[in-house]
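Nothing in this text is a laboratory measurement; each read-out follows from the coordinates by a stated rule. Being a predicted model, the structure only gives us computed values, none of them experimental. So basically every Cβ, Gly included, is an ideal-geometry build from the backbone, and we count neighbours across all protein chains shown.
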Amino acid sequence: MGTRILLYTGKGGVGKTSIAASTACSLAKSKKKTLVISTDPAHSLGDAFGTDIGPRPKKIGERLFAQEISVNEAINTHWSDLKGYLTGLFQTEGLDPISAEEIATLPGFDEASQLLYLRQYYDEDKYDAIVIDSAPTGESLKLLSFPEAMTWYMDKIFPMGRLAAKIVRPVWNTVSSMEIPSDEVFKSVESLYEYLKRIRTILTDQKISTIRLVMNPDKMSLSETKRAYTYLLLYGYPVDAVFVNKIYDESTGAFFRGWRTSQEEIIKEVSESFTDLKIFKVPLLAEEPIGVERLERMSELVYGGSNPLETFSREKSIQFVKKDGKYIIKLKLPFAEKKDLDIYNKGGELIIQLGNWKRVFYLPTVYSDKNPVKAEFNNGILDIEMV
Ligand SMILES: Nc1ncnc2c1ncn2[C@@H]1O[C@H](COP(=O)(O)OP(=O)(O)OP(=O)(O)O)[C@@H](O)[C@H]1O
Ligand SMILES: [Mg+2]
């Protein structure tokens, strides 16, 4: 069996790092070679383990490795050609050479860079499990939508740029000091794109990856979790579980009685709302879960007898159905609101917009020459009829 990838996300401070770290400890203990990676620029994995962790995998226990991604380091390692071009470009313009730090400020580049290692580790089959401690929800979603956003750019803009460069290059240097990207640069961008496409394939493959939502039993956290779940399904990412962390038990005494009641209500709503997902309940611990020993103990409370590597839900977010001669696309968007949804067909592509997030669907061949004629949204399922 190849590497299994588990990604934990959720609102700020809910316990993503602690649960990811405790999952990794439990896997290592059960003889799985495990790497836990932090993609949150505000790394705190080192704090959870009580040790320094660098931008390269560091052995921190038996079969246990940890890495805090440094965007600059990842760019230097994976994108040297691109960096070479950008440096040349800046220099011919009389500007200082560009550094990895500056590339990282270009839109989308830092999110993408955080993912570069994932493919390398997966394809090298280096670990039994990779556990990702990701940034708070909004940032993670950007990270996960990047490969798809790049696909659009690569299909539409990039070929034109490449063609234009070919045509213009011979005359360009006589009129401008600015360099036109060489074919090497285009190749480098192309390989970067192939790399990102592969990462998306890995992250959306239910047999390999799973995304887990971490929350606390309060209203704000619940609302954010519902939104995150919906957006993750829009992008086709497999989500299999919700972890409700920091639940107050009886031992918290009279002062917390009101809180306990409201937590119970939220937990009830969680079970009623996320019917397709497994729900894990984690109590508020009497001590901060820091260090391997406490994290291991925490994992027993988190998973009970369950194996963290299991796939707890196999729901498909998108289905293509042929019924009575009609082609129908069914998309699960559980907590979306009709007013936030927009569907349009642009040059043969199906685009679904939900709030600020947009997905361009690349349809299977039998659907590609069809247009959406009717859309219905009921009980969290969007049915699009294509003719
Ligand atoms: N079940 C728990 N019981 C007690 N303390 C907990 C529990 N889970 C997490 N904590 C503590 O709560 C704090 C926040 O947890 P953690 O850093 O894991 O959250 P996070 O979601 O990763 O936060 P951030 O969004 O800042 O990355 C930490 O001090 C952690 O030790
Ligand atoms: Mg964290």
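Listing for the model above:
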quantity: Nonlocal amide H pairs with Leu285, under 5 Å, H built at 1.01 Å; calculated: none
quantity: Fewest-first ranking of Lys187, Lys281, using other Cβ atoms within 10 Å as the exposure measure; calculated: Lys187, Lys281
quantity: Descending principal axes extents, the stretch 318-386, alpha-carbon based, whole Å; calculated: 29, 26, 17
quantity: Net charge over other residues, Cβ less than 10 angstrom from the Cβ of Ile266 (K, R count +1; D, E count -1); calculated: -2
quantity: Neighbourhood charge, 10 Å Cβ-Cβ cut-off, centred on Gly138 and excluding it, Lys, Arg +1 and Asp, Glu -1; calculated: +1
quantity: Mean Cα-pair separation over length for the stretch 318-386, i.e. relative contact order, pairs under 8 Å, 6 or more apart, %; calculated: 33
